[in-house]
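To keep things clear, I will list the structure first and then write my remarks on it.
The values are calculated or read from the model by the stated rules, or taken from the named source; none is laboratory data. Given the structure is predicted, the values throughout are model-derived calculations rather than measurements. Cβ placement follows ideal geometry from the backbone for every residue including glycine, while neighbour counts extend to all protein chains displayed. SASA here: full protein model, heavy atoms, side chains in, ligands and nucleic acids out. Shrake-Rupley method; radii C 1.70, N 1.55, O 1.52, S 1.80 Å.
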Amino acid sequence: MKDSHGVVIFFNADIPSHLKKIETWYSYFFQQEFLQNTQCLLIAHHKTGSRSDKENPALAPPLNKRKLVHSNLEDDPEEIRMEFIKYLRSIINSVSESRDREEISIIT
């Protein structure tokens with residue numbers, strides 16, 4: 001967990017107790033480890049045919065303001081793959097920019 005550059009929180013949106021657990025994880029990474037909100041990807045997994053499929057779960061603040069991706073690997077695995085790639089690109093860009101700033105500060 002130390003020195004992490006991003007966090008993916010994957011949870012079963014059909015199980016209410018998971019909503020409380022992701023609050024704990026979010027709190028740890030973003031309040032104690034000081035990660036930025038853009039470094040978080042929330043993935044709400046739904047089983048095929050679940051009644052909450054594609055509905056936004058009742059997330060507590062500040063989770064309700066984070067990017068939330070719905071996943072169902074049986075129905076649309078490509079969508080989650082593309083969202084994950086987009087997330088990884090943003091993390092790589094963030095790390096690269098941070099490294100560039102650090103190098104410039106060493107030079108000057």
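Quick rundown of the values:
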{"item": "Total residues in region 1-22, condition open to solvent by less than 90 Å² (accessible area, probe 1.4 Å) and either touching a Pro at 6+ places or on another chain (Cβ under 7 Å) or not β-branched (Val, Ile, Thr) (or both)", "result": "9"}
{"item": "Cβ pairs under 7 Å, 6+ apart, first in region 71-97 and closer than 15 Å to Val7 by Cβ, second among the hydrophobic types (A, V, I, L, M, F, W, C)", "result": "Glu83/Val69; Tyr87/Leu41"}
{"item": "Residue list for region 1-18, filter: in a loop (DSSP other than H, G, I, E, B) and within 13 Å of Cys40 (Cβ to Cβ)", "result": "Ser4, His5, Gly6"}
{"item": "Only one of Asn12, Asn56, Asn72 that is modelled with pLDDT of 80 or more and within 25 Å of Arg89 (Cβ to Cβ)", "result": "Asn72"}
{"item": "Subset tally (residues that are within 12 Å of Ile9 (Cβ to Cβ) and outside any loop (DSSP other than H, G, I, E, B)) for region 38-70", "result": "10"}
{"item": "Some residue of region 23-45 being of a type in the set (Gly, Ala, Ser) and either open to solvent by 50 Å² or more (accessible area, probe 1.4 Å) or touching a residue at least 60 places away in the same chain (Cβ under 8 Å) (or both)", "result": "no"}
